[in-house]
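No value in this document is a laboratory result; all are computed from the given coordinates. All figures in this text were calculated on a predicted structure; none of them were measured in a lab. Reconstructed Cβ throughout: ideal geometry from the backbone, glycine too, with neighbour counts over all protein chains shown.
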Amino acid sequence: MRVFRALSALLSYPTEDFVAALDEIGEAIANERLVPAREREGLLDLVRDLRGHDLYDLQERYVLLFDRTRSLSLHLFEHVHGESRDRGQAMVDLRALYEAKGLVGAENELPDFTPLFLEFLSTLDPAEALPLLGEPAHVFTAMAERLHKRKSPYEAAFRALTAIARVQPDEALLAILRAEPDPAPDDFEALDEAYEDAPVDFGAPADACGRDGLAAKLRQARRPAPGVVQGVKPPTAFTFSPSSQATEADRHG
């Protein structure tokens, strides 16, 4: 499914290769009827916006949005489990699902990184991909709302994801996300508070914890992925809902 590859590219850290591929990405989106017309036009506006900036500006904007703002993290489990102990097992389960479906070559990427998740969905038949896409619909909706508040063209990518999934987000889960702090990227005091607690270590060196370490993970997920526990049976379905065992303290560190 080319649309998932296109969306994966649009949500990845901008590089020279990415800029060179924008025409091809735009063509894939323009010819994709899985995306409703309004959302498709929003994606094309995003492509046009990306074409209109130089690479340095694109990278700076990406970092400001997705690295420096925890509420805009492209790691799905940041919004589902926070720093809960359940996050580590969820990472292991998701990577096991990828490997069970034959996705290889992503050893250095965290499995909940949205572009990688979309790349995985692109390898599946629609009957498998769309239900999985619908599970984090509440996360995509919250992300779109937060980007709308910032007048960011990246909003279009998350509007498109919820439209493609053709499901209504779980209102109870969406309400939890809407209640989370969402500081502006230039509110440095609030950003410091958001990152003051060290994140759970999933196998990265101890000095990779803290705000700078997490920011580095968000930028194209360059931190080592958590190890896959041998013998874990891949789940037949995967959930992006918080564990009922996770406490409020777990979610907020």
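General remarks:
- Cα lying deepest toward the dipole's positive end in the range 122-176, options 173, 143, 122, charges on Cβ: 143
- Long-range tail of P(r) for the range 114-190 (Cα pairs > 20 Å, %): 37 percent
- Near residue 145, once Lys and Arg are set to +1 and Asp and Glu to -1 for all other residues with Cβ below 11 Å from its Cβ, the sum equals +3.
- Summed residue charge, Cβ within 10 Å of residue 3's Cβ, Lys/Arg positive, Asp/Glu negative: +3
- Ordering 46-55, 144-153 by mean Cβ neighbour count within 10 Å, with the highest value first, yields 144-153, 46-55.
- Summed side-chain charge close to residue 53 - residues other than residue 53 whose Cβ falls under 13 Å, Lys, Arg +1, Asp, Glu -1: -1
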